Structures are given as C-alpha cells and as structure tokens.
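Here the structure is laid out as structure tokens; the discussion comes afterwards.
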Amino acid sequence: MPFKKFCNASGCNTIIPSNEIYCELHKKKKKQDQKYYDQKIRNKEAKAFYDSTAWHNTRKKILARDSGIDIYIYITEKRIVPAQHVHHIEPREENKSKQYDPMNLISLAHSTHSMIEKRYRAGEKEKKEAQNELKRCLTEYIKTCG
C-alpha cells in the first residue's frame with residue numbers, strides 16, 4: 001500500500017499520495033497563481049532562463065546527483081524527503097557566472113526552499129549564514145554520498 005499524506009496547502013485536509021505536493025483543487029489554484037505571477041510579476045529575463053533547455057538539463061543533472069532528495073534535510077536531520085526545487089545558493093541575479101555551477105546548486109523540498117528564501121530576505125547576515133549552511137550540507141553530501 002503506497003504512503004499517503006496531507007495536501008501541502010495550508011488548512012487542507014485532503015489525503016494524497018506521498019509523491020504529490022497538492023490535491024487536485026490546489027494544483028489548479030497553484031497553476032493559476034503561477035500563470036498570474038509569470039504574466040504580471042516575474043522578471044521576463046528570469047522566466048526565459050528557467051524555461052530554457054540548458055536550465056532544464058542542468059536541473060535534471062542536479063536532481064540526479066542529489067538522488068532526488070532534499071540535501072539540507074538529509075544532512076541536518078538524517079531524513080529522506082523528496083526534492084522539488086533546485087536552488088541557487090548564490091542567487092543567479094547576483095552572480096550569473098554561477099547560474100549553472102553544480103557547487104552553487106542544491107536540491108530542496110518545497111518547504112525547505114520556502115524556509116531558505118525567507119532567511120535570504122531576513123537580512124544580509126542571515127542570508128550569508130543560510131548560504132554557508134547550504135554549502136556545508138552540499139559539500140558533506142557530495143563527500144559522503146557523491
């Protein structure tokens with residue numbers, strides 16, 4: 001029997017397969033929200049980058065390198081959680097020369113990615129601490145598992 005979990009949408013009690021993120025209702029809402037964000041808010045150059053074949057190929061390679069798991073959770077909590085995001089440790093807007101650098105990219109679950117982005121916005125000191133923590137986790141993972 002496959003594992004089940006609750007939908008990740010806040011307050012939703014729908015049970016879904018463990019390999020899903022949202023129930024059908026919230027998948028539709030997420031898709032609508034993403035479309036609005038892409039049309040009205042997202043930086044057009046960033047959208048072109050994230051839609052590019054080069055990024056899609058790099059993303060696949062990083063997820064494969066990281067065995068499709070959240071490296072931060074694996075190293076810090078010794079738990080295996082599926083990754084949905086490939087995160088730029090040093091944001092690509094700040095250093096485009098590292099946008100495809102494997103040592104600047106780490107696989108993260110949605111919840112971890114949200115937590116890291118919140119830390120990045122909390123101020124320069126907190127951002128640097130989060131970046132150092134991510135670099136340490138990635139280095140440790142590659143040394144032991146890679």
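The values are calculated or read from the model by the stated rules, or taken from the named source; none is laboratory data. Note that this is a predicted model, so its numbers are computed, not measured. Cβ coordinates were reconstructed from backbone atoms using ideal geometry, including for glycine residues, and neighbour counts include every protein chain displayed. Only protein heavy atoms, including side chains, enter the accessible area calculation; ligands, DNA and RNA are left aside. Shrake-Rupley method; radii C 1.70, N 1.55, O 1.52, S 1.80 Å.
Laid out as a table, the results:
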item: Only listed residue being open to solvent by less than 80 Å² (accessible area, probe 1.4 Å), under 22 Å from residue 70 (Cβ atoms) and part of a helix (DSSP H, G or I), chosen from 50, 22; result: 50
item: Count of residues meeting criterion [among the polar types (S, T, N, Q) and part of a strand (DSSP E or B)] in the range 1-16; result: 0
item: Among (1) surrounded by 16 or more Cβ atoms within 10 Å (Cβ to Cβ); (2) in contact with a strand residue (DSSP E or B) (Cβ under 8 Å, 6 or more places away or on another chain); (3) small (Gly, Ala, Ser), the one test that residue 9 misses; result: (2)
item: Evaluation of residue 102 against (1) open to solvent by 30 Å² or more (accessible area, probe 1.4 Å); (2) under 27 Å from residue 8 (Cβ atoms) (one fails), failing number; result: (2)
item: The range 74-99, residues that are loosely packed, with under 14 Cβ neighbours inside 10 Å, in contact with a helix residue (DSSP H, G or I) (Cβ under 7 Å, 6 or more places away or on another chain) and either touching a residue at least 12 places away in the same chain (Cβ under 8 Å) or not hydrophobic (A, V, I, L, M, F, W, C) (or both); result: 79
item: Odd one out for residue 32, checked against (1) over 22 Å from residue 118 (Cα atoms); (2) assigned to a helix (DSSP H, G or I); (3) modelled with pLDDT of 95 or more; result: (3)
item: Residue identified as at pLDDT 95 or above, assigned to a helix (DSSP H, G or I) and open to solvent by less than 20 Å² (accessible area, probe 1.4 Å) among 134, 63; result: 134
item: Any pair with Cβ under 7 angstrom, 6 or more apart, that starts in the range 5-26 at a residue that is under 17 Å from residue 84 (Cα atoms) and without any contact (Cβ under 8 Å) to a residue 24 or more places away in the chain and ends at one that is open to solvent by less than 50 Å² (accessible area, probe 1.4 Å) and β-branched (Val, Ile, Thr); result: 5/16; 7/16; 23/16
item: Selection status of residue 40, of a type outside the set (Val, Ile, Thr), open to solvent by 70 Å² or more (accessible area, probe 1.4 Å) and under 30 Å from residue 5 (Cα atoms); result: no
item: Condition check for residue 71: open to solvent by 30 Å² or more (accessible area, probe 1.4 Å), under 25 Å from residue 22 (Cβ atoms) and not aromatic (Phe, Trp, Tyr); result: no
item: Number of positions in the range 112-131 that are more than 18 Å from residue 70 (Cα to Cα), basic (Lys, Arg) and either open to solvent by 70 Å² or more (accessible area, probe 1.4 Å) or not in a helix (DSSP H, G or I) (or both); result: 3
